[in-house]
Amino acid sequence: MDKGKIEITYIIHSDDSSLNNSDKELVVKSRETTSEAYAPYSSFRVSAVARMENGALFHGTNQENASFPAGICAERVLLAVVSSVCPNYLIETIAISYASNLVKDDYPLAPCGICRQSLIEYEARYTKRVRLLLTGRKGLIYEINSVSDILPFGFRPDNLIG
Ligand code: THU
């Protein structure tokens, strides 16, 4: 018998003052664009902003539906936008932020399980790590090296097609 151990290392920024300018721009834009979410049922407005390797920025926000399961998270809206509109350049970094009138919103949010799975698919598809900047309306920012870091034991395309 043996024991396994999984550890991740990530950077904790107490605010955006320790970020470089392009990361700061991404975080600011993710906070600003939470206002574009359509979230009348949860009042939980999420935005994910990608910086592509050519410097272009794209964002997606959560889009809810009266039939609740039909809603879609900001991260997957973003991936659909990027893969459709900018297929020739890859994502370098994604900043994710959220705002709510109902719950505390000044600490980092991590993507839900389905979004982690979708982000892992993107990393596997392009053999490229995607860096994450996770934050809330203000304050703390977690800088994570790769989506794989937050999905240990992830199910990947090569499990299915070799
Ligand atoms: N949501 C996201 O957009 N991303 C996540 O990673 C977590 C949850 C959205 C889905 C729903 O519209 C609202 O937040 C509350 O769950």
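The values are calculated or read from the model by the stated rules, or taken from the named source; none is laboratory data. Here the structure is a predicted model, which is why all the values come from computation and not from measurement. Cβ coordinates were reconstructed from backbone atoms using ideal geometry, including for glycine residues, and neighbour counts include every protein chain displayed. Heavy atoms of the whole protein, side chains included, go into the accessibility calculation; ligands, DNA and RNA do not. Shrake-Rupley method; radii C 1.70, N 1.55, O 1.52, S 1.80 Å.
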Identify, from the list Val77, Val82, the residue that is buried (at least 16 other Cβ atoms within 10 Å of the Cβ), in contact with a strand residue (DSSP E or B) (Cβ under 8 Å, 6 or more places away or on another chain) and closer than 21 Å to Pro157 by Cβ. Val82
Looking only at the range 39-58, and only at residues there that are assigned to a loop (DSSP other than H, G, I, E, B) and within 16 Å of the ligand (Cβ to nearest atom), the one that is most open to solvent (accessible area, probe 1.4 Å): Tyr41
Taking the range 14-38 as the search range and keeping residues that are aliphatic (A, V, I, L, M) and touching a Ser or Thr at 6+ places or on another chain (Cβ under 8 Å), which one is nearest to the ligand (Cβ to nearest atom)? Ala37
So the strands (runs of 3 or more DSSP E) completely within the range 59-162 holding 1 or more residues that are over 21 Å from Ser17 (Cα atoms), touching a residue at least 24 places away in the same chain (Cβ under 8 Å) and in contact with a Ser or Thr (Cβ under 8 Å, 6 or more places away or on another chain) are 91-100
Out of Ile91, Ile114, report the one residue that is β-branched (Val, Ile, Thr), closer than 24 Å to Glu36 by Cα, under 17 Å from the mean Cα position of the chain (by Cα) and surrounded by fewer than 19 Cβ atoms within 10 Å (Cβ to Cβ). Ile114
